[in-house]
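The values are calculated or read from the model by the stated rules, or taken from the named source; none is laboratory data. Keep in mind it's a predicted model, so treat the numbers as computed, not measured. With ideal geometry, Cβ positions are generated from the backbone for all residues, glycine too; neighbour counts draw on all protein chains shown.
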């Protein structure tokens, strides 16, 4: 169940990051994906053209409004703050088909596609726009 208060969301997000810091890669990614999949959904909260004004992770949790792009952004923030070398190549992408996905390990793992699982594939993703994990830290530093 998604926490109703900002304090509850912060506490839950902190617990998520602590838990995922110790899990194997696939389990950590599945846990992050499942946590962000329970957010209340609303269309058109964020847009790629407004990337410079995207909220930092704490504002995202405070605003509590999540379109597919906002969920993907939250997933990428979470992975970035785990500070794990085995998850260091994550990217938030907009596909040519209009999906906002998070790709990890050279697109081996795809998050924000299915709420119940992390897609594990080596299929080619046609990327229209992207934000790399190294770029995302500029949003909160």
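Structure above, values below:
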| quantity | calculated |
| --- | --- |
| 1 or more residues at pLDDT below 95 and surrounded by fewer than 16 Cβ atoms within 10 Å (Cβ to Cβ): qualifying helices (runs of 4 or more DSSP H) within the range 1-71 | 25-37 |
| Condition met for residue 101 (under 17 Å from residue 115 (Cα atoms), part of a strand (DSSP E or B) and either without any contact (Cβ under 8 Å) to a residue 12 or more places away in the chain or within 9 Å of the chain's Cα centre (by Cα) (or both)) | yes |
| Members of the range 78-98 that are in contact with a strand residue (DSSP E or B) (Cβ under 6 Å, 6 or more places away or on another chain) and in a loop (DSSP other than H, G, I, E, B) | 90, 96 |
| Leading residue by the ranking (modelled with the highest pLDDT) among those in the range 119-130 that are surrounded by 15 or more Cβ atoms within 10 Å (Cβ to Cβ) and closer than 16 Å to residue 89 by Cα | 130 |
| Top-ranked residue of the range 75-100 - restricted to ones that are surrounded by fewer than 23 Cβ atoms within 10 Å (Cβ to Cβ) and within 17 Å of residue 37 (Cβ to Cβ), ranked as modelled with the lowest pLDDT | 99 |
